[in-house]
Each structure stands twice: as C-alpha cells, then as structure tokens.
Amino acid sequence: MNGYSRQLVASNRDADTHNLGVRLGRVCIKLDIPITDVAEFCKVSRMTAYNWFKGITNPQANKADLVKTIIAKLSARL
C-alpha cells in the first residue's frame, strides 16, 4: 500500500464492494500494483481508475469482463 495515498485507501475501504472497480482497487492496493499500470492495461485514464477504486464510477460494460479477469488473476496471488 506504499504507492497509494491514505485517502484513496480509506475511500476504497469505505466503498461498496458490489462495485467492480472497488473490488479491483482492493486487490491492486493489497498487491501494491501502481494505478498507472492498471489504467494503461485497461486503456483508461488514471482518473477513471481512481474513480473506480473509490467507487465513484463503475467500469463500463465494455471493460467489465477485462476487470473481472484482472481481479481473478490477481486474487490468485493473494
């Protein structure tokens, strides 16, 4: 969690886990995967990835399967 601000970590912790982006954020925070890497891999802006992690927005339908795959693969590393 060294690469993430306390504010982002707190926002993610308090967000609804039904949100796919929040679940992605939890895994990435635990594994300390840079948000820039997440954004680049998903082909979205860093701001979009931050909003996903905070639960402000949810990945759009065209990104949902990709995000689910990332969550599954990263969760196996926990």
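Coordinate-derived values only; no laboratory data. In this text the structure is predicted, and so the values were computed from the model without any measurement. As a convention, Cβ positions derive from the backbone with ideal geometry for all residues, glycine included, and neighbour counts pool all protein chains shown.
What to note about this one:
- In this rough spin-label picture, where each label sits 7 Å from Cα along the Cβ direction, the Ile56-Leu31 distance is 2.4 nm.
- Put a plus charge on the Cβ of each Lys and Arg, a minus charge on the Cβ of each Asp and Glu, and nothing anywhere else: the dipole of the stretch 6-75 about its Cα centre is then about 60 debye.
- A crude spin-label estimate for the pair Leu78 and Asp65, with each label 7 Å from Cα along the Cβ direction, gives 2.4 nm.
- Taking amide hydrogens as placed 1.01 Å from N in the peptide plane, the amide H of Thr57 sits under 5 Å from those of Trp52, each at least 5 positions away in sequence or on another chain.
- Whole-Hz couplings from phi, Karplus 6.51/-1.76/1.60, listed for the stretch 24-29; x for Gly and Pro: 4, x, 4, 5, 5, 5
- Rounded to two decimals, the Cα-based Rg/Rh of the chain, with Kirkwood Rh, is 0.91.
- Applying 1/(1 + (r/R0)^6) with r as the Cβ-Cβ distance of Arg46 and Asp14 and R0 = 30 angstrom yields a FRET efficiency of 0.90.
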